[in-house]
Structures are given as C-alpha cells and as structure tokens.
Amino acid sequence: MFKAIYLNDIENTILRNKRRDADAYEKEDVSITEWITNWDFKKNNIDLFTHKIHRYPAMFIPQLTRKLIQKFSEPGDTILDIFCGSGTLLVEATLLNRNSIGIELNPLALLISKVKTTPLNLSNVIKHYEKMIDMYFNPSLDFNLINFNNIEFWYKKSAIKNISKLIFSINKIPDIDLQDFLKISLSEILREVSLCKHSGFKMHRDSRKEKKEWYKKELFDYFHKTFIKNLGGLVEYQNAIEGITAKCIILNGDSRRIHKQVKKGSVDLIITSPPYGDSRTTVAYGQFSRLSSQWLGLGKELNVDVAQVDNELLGGKTKNTEIDDDVIFKSITLKNIQENFLYKLSNLNKDEKEYKKFLKRVKDVISFYKDLDSTLSNASYYLKNKKFFILITGSRIVKEVKLHTDIIIAELAEHYGLELKSIMYRNIINKRMPYKVSATNIVGEKSSTMTRESIIILQKE
Ligand SMILES: C[S@@+](CC[C@H](N)C(=O)[O-])C[C@H]1O[C@@H](n2cnc3c(N)ncnc32)[C@H](O)[C@@H]1O
C-alpha cells in the first residue's frame, strides 16, 4: 500500500510540473530602473528549477547570476565559473542557452552540480524506484554496513543501518544519472538524521539529539519527501531547456592550476564567487560536505581525501607562505593590511602563544591572497580579449583589520591585463551563509562582517 503512495507521488510530480518558463523569476511589476539598480533580490523566489536541490554554503542568488549573464553575454557564448560550488551559474547559463564550464575541488559540490544540470530519463524513474523500494524494505536483504572514521559519534546505530541499506539499494539501480540524483537527495537529509547540529556549516554534536529519538518518521519518508521535491525541480528544468543546445562541462580540479580542457582565450565571460577566506576561519566547505562524502564514498575516484578538503581549498596550506610573500607587492591595499598586522604584532611578546597564533593568522590571510592571485592569472589566460570577468565577494575583518578583498582583487588583476570597470554593492539578504564571523579571535565574540558583498567587474584589455 505505502509503495503505491510513493510511486503515485512520482507520477504526480512528473505530470504536475509540466512547464515553467525559464524566466519564471522575473516579477512582472519590476520597472527598468529597479532592474538596473536592484542587486538585493529581496522578493525573489530562489527555489526554482534545480536550484532547490541541496543547500550549499554561500550559493549564488540565481536571479543575480541571470542578470549578469544576460547583460554580459549572448546565447551560444561560453561562460566559465572557476569556483562553481553547487552549480548555480551552470544551471542559469544552460537555461539561457549559454555553454558553461565549472571548475571545483570539493567532490560533493561536483556531484550536486552534475545532478542539477543533468536531465533524467523520466520514463524509467518509477520502474527503478519501485525496485529500490522492494529492496530497501526486504527484511532479508543482505547489505553491507557502511563504516568510516567516527561514524558512531555522528549517527545512532539504527540510522547507520537504514542509511547503509538505502545506499546499497540505490547502488543497484542501473541508471547512473538516476543513482546520482537519488544520492544527492539522500545527502540532503544526512545531517538532519545525524547527531550533528543541523544549522550552520561546521560539525558540532547536538546534545539534544543524543538524548531523544530525534526523528519521528522512518528514514525512507524523509528521503522520499526530499526526492519528490527535487524531482519537481528537475522536471521544471528539463521542460525549460527543451530545444536548448548549450553544453555544460564540469571539471574536477584546482583553479590554481591551468586546466588543459579550457583553451587559452576561449571563454566569453567568467562569473564566479571565490571563497571569502581560508575555509578554517570563514566558510568550511569541506566540513559541510564531509558526512555526505563519507557516506557516498565520494572522492575515491578523484583521489581526494574528503576529510581533508578544507586544506586543499584556497588558503588551505600556509606552510609555504611568508609574511612578506611576493603577492604583497602586487597590491598596495594588501601591503597596507600587512603593515597594519605587523604593527599589531610588534606590540606582542614574540615568545607568547598569542604572538604565534596571531602570526599564523596573518600567514593564513597572505596565503589566501597568494592562492587567489594565481586563480586570477589563470582566469585571464582563459578569457578572450575585451571580455568580462565578474567576481562576487565579501570583505571580512580579521583581528579588527578590514580586508578589502574587492580592491585587492582589482589591484592583483591589473597585473594580468584585467582592468577594473566597476564595483557594485549588494546587501546580503537571502544568501545561505554565516552572517557573523569571529573578527577578533576571542572565543564567542562575533561581528556581522559580511552583510554586504561586492560585484567586481573586470575587463580583459
Ligand atoms: C563561494 S563558493 C561557490 C558557490 C557557488 N557560486 C554556488 O552557487 O554554489 C566557493 C567554492 O570554491 C571552491 N574552491 C575553493 N578553493 C578552490 C580551488 N582551489 N579550486 C577549485 N575550487 C575551489 C569551494 O569548494 C567552494 O565550493
């Protein structure tokens, strides 16, 4: 009986979501002036098409990306995102018939991007799902219990058993795209059914979850609900891209190095949002993704240790960076920031712990900009002459010093033939990211440093 209900949900979702226009975001009452000047997107629905699939830290607002694509490119152009995260740019580019390329290091983000941009063969979904249900609810199913480091710290035994059973059943589906789609739907609930705090991106055990049975329904019900929500988004997306010829390529790798697949001078537009700083002290993309990646065995084929992702991202490795690294001399703003830090350091005793901690933090900052600098150089290499490179970023405060990342980017980019055309500011209203971060390093003391982000427009000369 329950099986019929589950399958009925799928059928209804496929039929109900017949058509949503690719420009479903645009409010009819938006005037031209408002369209040009409004970058806040207060009123817009951010959960359309496949954008509703899986949350991810510091995602683009789809409408913002769309507005930039429309303004700075033509149908048939190629758009690149060198930090594509969960693929918002890729989805929007495809909806607008632009070819897109995404580069990303985090295995979970790569899988989310793939799922959000890959149409499914809908005619077989019900058949495969039915078999998967039969398998999952078979009391004598012979499945492997998944194990990874600290699994019992994060999950109760009953959850470990059910999740393992579900992954085993998903892996038996012969259609890999559907498998991935189901895995991402499962990934979306893996925090909720864990002993980890659900809010935030870092991993902290939630003592309230330990004490009681924290989820009321059978795991499968949570999973199914999420799957149906996602399927609705995919059907909308598939309908909207009917007849669209644009291709989307997702590359696994580090944007600090050149990717041979993207030829020199081949890209018409770059839109990207780099991390705001090193993952340890800003947004921990790796920690956010870790449980899902461990459960789903991601990273193995890519040769990535999913427990170490944060160390691989921009600014993750400080050991080769000195406080007077060459990058300092490419940006006067960065040089001023470094001098400000050096002055503060000179007031501390070199032998004290506080000095060493501060020095490490300063090196983290310099290392981040050093890494960012190499990605700017590579971006310029990919871009055609006269074309635009747009970065969306926030400026944080470290040790009470404001790091003007937008200005630093403009100054660094100049060395690679990229000229600053404009910087626009946007209030962060509906972006999924932590608004408060530690600016002083004093435990518990937080300041709301990132309430505004900058849209930096560079042009290759
Ligand atoms: C601000 S997020 C991008 C979010 C994306 N715009 C979206 O809508 O989901 C920055 C991304 O940069 C990735 N990243 C950091 N360092 C990287 C590197 N060296 N190479 C490639 N990707 C990197 C992080 O894993 C993260 O997903």
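List of remarks:
- When the residues of the stretch 272-288 are filtered to those that are β-branched (Val, Ile, Thr) and more than 20 Å from residue 89 (Cβ to Cβ), the one that is farthest from the ligand (Cβ to nearest atom) is 281.
- Set side by side, the residues 233, 253, 243 differ, and just one is within 16 Å of the ligand (Cβ to nearest atom) and on the phi > 0 side of the Ramachandran plot, which is 253.
- Candidates 291, 302, 269, 313: the one that is within 13 Å of the ligand (Cβ to nearest atom) and in contact with a strand residue (DSSP E or B) (Cβ under 8 Å, 6 or more places away or on another chain) is 302.
- Residue match in the stretch 165-180 (condition: surrounded by 15 or more Cβ atoms within 10 Å (Cβ to Cβ) and within 19 Å of the chain's Cα centre (by Cα)): yes
- Close contacts from the stretch 315-333, counting a first residue that is at pLDDT 90 or above and a second that is surrounded by fewer than 19 Cβ atoms within 10 Å (Cβ to Cβ) and part of a loop (DSSP other than H, G, I, E, B), with Cβ to Cβ under 7 Å and a gap of 6+ residues or different chains, come to 330/415; 333/404.
- Residue in the stretch 288-295 that is within 30 Å of residue 408 (Cα to Cα) and either crowded, with 20+ Cβ neighbours inside 10 Å or not assigned by TED's automatic domain parsing to the domain that holds residue 75 (or both) present: yes
- Extreme residue, surrounded by the fewest Cβ atoms within 10 Å (Cβ to Cβ), among residues of the stretch 320-341 that are among the charged types (D, E, K, R) and in a helix (DSSP H, G or I): 326
- Members of the stretch 42-92 found to be in a loop (DSSP other than H, G, I, E, B), among the aliphatic types (A, V, I, L, M) and more than 10 Å from the ligand (Cβ to nearest atom), listed by number: 46, 48, 53
- Some residue of the stretch 98-107 being without any contact (Cβ under 8 Å) to a residue 60 or more places away in the chain, surrounded by 23 or more Cβ atoms within 10 Å (Cβ to Cβ) and within 13 Å of the ligand (Cβ to nearest atom): no
- Residue 93 vs. criteria within 20 Å of residue 259 (Cα to Cα) and hydrophobic (A, V, I, L, M, F, W, C): no
- Yes/no for residue 388 being closer than 25 Å to residue 61 by Cα, away from the ligand (no atom under 16 Å from the Cβ) and touching a residue at least 60 places away in the same chain (Cβ under 8 Å): yes
- Test: residue in the stretch 132-153 that is crowded, with 18+ Cβ neighbours inside 10 Å and under 25 Å from the mean Cα position of the chain (by Cα): yes
The values are calculated or read from the model by the stated rules, or taken from the named source; none is laboratory data. Here the structure is a predicted model, which means the values were calculated and not measured. With ideal geometry, Cβ positions are generated from the backbone for all residues, glycine too; neighbour counts draw on all protein chains shown.
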